[in-house]
Structure formats: structure tokens, C-alpha cells
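Below is one structure, written out as C-alpha cells; comments come after it.
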Amino acid sequence: MAEIRLAIEIAGLNLRNPVMNAAGILGLTADLLRRVYEEGAGAVVTKSIGLKPRMGHPNPTVAIVEGGLINAMGLPNPGVEYFLGELEKLKAGGIPVVASFFGETLDEFVEVASRLSEAGVDALELNCSCPNVEGVGILGSDPGAVKRVTEAVKGCVDKPLFVKLSPNVSDITEIARAAERGGADGLTAVNTLRAIALSIEARRPILSNVTGGLSGPALKPVALRCVWEIYEAVEIPIIGCGGITTWRDAVEYLLAGASALQVGTAIMTRGLRVFREINMGLRNYLEENGFREVSELVGLAHES
Ligand SMILES: Cc1cc2nc3c(=O)[nH]c(=O)nc-3n(C[C@H](O)[C@H](O)[C@H](O)COP(=O)(O)O)c2cc1C
């Protein structure tokens, strides 16, 4: 019987399997990210890192809703300088690291990306779900700004760059194409979906920020549709993200066009064993259906 291979190549990265953690769920310490890798992830993704330390929003920052969570963390992080120390520890263990990053200005995006790249991350993930560097709305809803930031970052780093898209747009393919034109090596789809949770006792919004981002199973059909549309619009590979909890979800994302996957909220609901569970289920699915490699599934549902 032919050997089943979970290993993938995406944007020049060779990973032992396609399943990573999604940015932000587990913080930034090397110890936690190392555990994610030991529990079976193909690569680890950091929380989004900015130039300077940032407090984020006051509590409450997370509300539990049916089928998921709504969070408004406000991008809390200790800044790039702190993370470089953690990165050194991770790299000593030979773990593939994707560094998620953001900036408050175009120059900040470039500076953070350059420092992470020089420090030896394996790839970068540009978080578009942050205030627009040109001061209007959210960066991820402005195709011109997405192209400019992507171009500026690609101009100064020699690592694969994934642009992580927001689903809070009317046409995600427009933003995906803008990132591709800017030189992105791949796209991560998607970040959280704008949402609100109310307390009927307090008769107020639960989150201090009023609105937040929906994640978990409730997000999955929307995120899967985003991956489907992006796959038909661009040539670069997609990392699917949004509500992936079981191996069945993983297979759906691959069939819709994702080449790799990220798991966020399910780490909280299932624990770190979710990486092994998904990889084991994926392996069985490949074997039982006569496939040998993960890449054979990518985009298969688009074939007429
Ligand atoms: C508590 C929390 C913190 C997050 N922080 C980040 C972050 O720092 N950067 C980012 O790009 N996405 C962040 N996200 C979004 C996730 O990476 C992911 O895109 C989203 O949760 C959808 O995946 P899921 O349904 O598997 O959780 C965060 C999500 C949650 C729930």
C-alpha cells in the first residue's frame, strides 16, 4: 500500500503537516508555542506583534456565544523587542515559526516585519484586521492600502509573506487580488467576523469595546465561503481559518481550496490534542478514499 503523506509545501515552506494554530489564541511565549508543536502542529503562529508594547482593551474582552466566541482583545502584545527573545528559544528547537504582525503606520509594518525577518522567522503573516494605516476604517477593507502595505513589506523582507484577510468586507476577492498584486506569497482566510453580544441582565453590551470578532464553529460557513471565492480569484495558496474543530472541517477547507489550515477557538474547546485528532482523521480520510497526499484534495470541490 502506498505511503500516506501529510507533509505539505506552501509558499516555499516545507511543513510536516498542514495544521497550524491561529494567531492570538495562546499568547506569545516560546514554551506555549513549543507545546503546540509537540502536540502535532505543522508550524506555530505567534500572536500579532506590533512595534511597541500595547495594553489592549480592558476586560471583559471575551464573550461566549452559541457556536463560538466574540472577542475584542485590542491587539495586546509586549512589542517586537520582547518577542525576539522568545523567537530565539523557538528557533533553537528547530520549530517552523510564522510571525503574525501589524503596524499602526506603514513604516511600522515595515520595521516590525524587517526585525522579525532578520531574527529568523520562517514566514510572516500580515494582520489586516487593524486600524487602517492611512487612518480610515480597517486596513483589510481598503484594497489600495492592502496592496501598498504588502508591497512595502515585500520590498524589505525575503521571507514568505501571508496576508491575513478580514471577512468584514463586501467582496473579499477584491482584497485578495490586491494582496496578490502587492506581492503576497499566500493568503490566510479569515480573521474574525464583526459581532456583538448583549447582557439582558445588565441591558448593555458584554464587551468593553461593545463589538468584537466572532470565531469558532459559527464562523465556519462564512470563512469556508471566503476560501471558496478566493481560490477562484487568485493563484497564490490559501491558509484556511475559521471554526476548524474536527478533521471533517479540515477536509472541507482543503476541498474548498485551502492548502493549509489554522485552528484557533478549538484549542480552547478541545485542548491541544486537536492537532493530533485533525491530523489522524485527515490521514484516515486520505487512505480510505485512495489519496496519497494532502495536496491532492486542494480545491477538488471546484471541479465540475
Ligand atoms: C482570543 C483571540 C485572540 C485573537 N488574536 C488574534 C491576533 O492577535 N492576530 C490575528 O491575526 N488573529 C487573532 N485572532 C483571530 C484568529 O487567529 C482566527 O483568525 C479566528 O479566531 C478564526 O479562527 P477560529 O474560528 O479557529 O478561532 C484571535 C482570535 C481569538 C479568539
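Checked against (1) within 9 Å of the ligand (Cβ to nearest atom); (2) in contact with a Gly (Cβ under 6 Å, 6 or more places away or on another chain); (3) of a type outside the set (Lys, Arg); (4) closer than 17 Å to Cys130 by Cβ, Thr61 meets all criteria but (2).
Within segment 174-206, being crowded, with 24+ Cβ neighbours inside 10 Å and touching a residue at least 60 places away in the same chain (Cβ under 8 Å) holds for Gly186, Thr188, Ala189, Asn191, Thr192.
Counting just the residues of segment 76-98 that are assigned to a loop (DSSP other than H, G, I, E, B) and in contact with a Lys or Arg (Cβ under 7 Å, 6 or more places away or on another chain), which one comes out farthest from Gly182 (Cα to Cα)?
Gly93
Selection of segment 8-60 for residues being assigned to a loop (DSSP other than H, G, I, E, B) and without any contact (Cβ under 8 Å) to a residue 24 or more places away in the chain yields Gly27, Met55, Gly56.
Criterion applied to Leu300, Leu219 was being touching a residue at least 40 places away in the same chain (Cβ under 8 Å), out of contact with any Asp or Glu (no Cβ under 9 Å at 6 or more places or on another chain) and open to solvent by 10 Å² or more (accessible area, probe 1.4 Å), and the one residue passing it is Leu300.
Taking segment 59-113, which residues are open to solvent by less than 50 Å² (accessible area, probe 1.4 Å) and under 17 Å from Asn209 (Cα atoms)? Thr61, Ala63, Val65, Leu69, Ile70, Asn71, Ala72, Gly74, Leu75, Pro76, listed by residue number.
Listed residues Leu187, Leu224; which is touching a helix residue (DSSP H, G or I) at 6+ places or on another chain (Cβ under 8 Å) and within 12 Å of the ligand (Cβ to nearest atom)?
Leu224
Of a type in the set (Gly, Ala, Ser) and more than 14 Å from the ligand (Cβ to nearest atom): is that true of Gly299 in this structure? Yes, satisfied. May I ask you to list the residues in segment 256-279 that are away from the ligand (no atom under 15 Å from the Cβ) and surrounded by fewer than 19 Cβ atoms within 10 Å (Cβ to Cβ)? Passing the criteria: Arg273, Arg276. Filtered by the rule that a residue be open to solvent by 40 Å² or more (accessible area, probe 1.4 Å) and touching a residue at least 60 places away in the same chain (Cβ under 8 Å), segment 280-290 gives Arg283, Glu287.
Among the residues of segment 164-195, none is identified as closer than 14 Å to Ile64 by Cα and touching a Pro at 6+ places or on another chain (Cβ under 6 Å).
The values are calculated or read from the model by the stated rules, or taken from the named source; none is laboratory data. If you're wondering where the values come from, they're calculated on a predicted model, not measured in any experiment. Because the Cβ atoms are built from the backbone with ideal geometry, glycine has one as well, and the counts that use them run over all protein chains shown. Heads up: the accessible areas ignore ligands, DNA and RNA and are worked out on the full protein's heavy atoms, side chains in. Shrake-Rupley method; radii C 1.70, N 1.55, O 1.52, S 1.80 Å.
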